[in-house]
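The values are calculated or read from the model by the stated rules, or taken from the named source; none is laboratory data. Just so it is clear, the structure is predicted and the values come from calculations on it, not from any experiment. Note that we place each Cβ from the backbone using ideal geometry, even for glycine, and neighbour counts take in every protein chain shown. Please note that ligands, DNA and RNA were not included when accessible areas were found on the heavy atoms of the full protein model with its side chains. Shrake-Rupley method; radii C 1.70, N 1.55, O 1.52, S 1.80 Å.
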Amino acid sequence: MSKIIKKVSKKTLGKSVDTVADYIDLFSQIVAEYIDRRYKIQKKVEDIKQGTINTLYRLKSEFIKSVVQALFLSIGLFSLVFGLILWANRFASLDHILIVVGLIVTIGVLIKMKLKP
């Protein structure tokens, strides 16, 4: 046991333990290192927890912002297409316009699907 303590004390204190004061010094240093490590681990856990919470709040706000932007984009595109159909209705009948728009959209979607790997 004494050899083990001398080995530990040699690494910890830089010298071997020979007196009672050296034993107390070694013990207090081991306890202080344990408390220091425990505090550092607790601090890292708190930092990770805070970082995770901040990231989740940012994710939530960006998700809501994306949903609102998608909604406005959809409304804008729908208004544009509907306005173009009403404008083109002056020159051709509504059923012909809807058939042409449907064909164009379908062909566009099929070409995009075909070109994707």
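Report ³J(HN,Hα) in whole Hz for each residue of region 51-58, in order, from the Karplus equation J = 6.51 cos²θ - 1.76 cosθ + 1.60 where θ = phi - 60°; Gly and Pro get x.
Here the 3J(HN,Hα) series is x, 5, 5, 4, 5, 5, 5, 5 Hz.
For ALA88 paired with LYS43, estimate the spin-label separation in nm (one decimal), with each label point 7 Å from Cα along the Cα-to-Cβ line.
Using points 7 Å along Cα→Cβ, the separation is 6.7 nm.
Round to the nearest 10 and report in Å² the accessible area of PHE78, as given by a 1.4 Å probe over the protein chains' heavy atoms.
140
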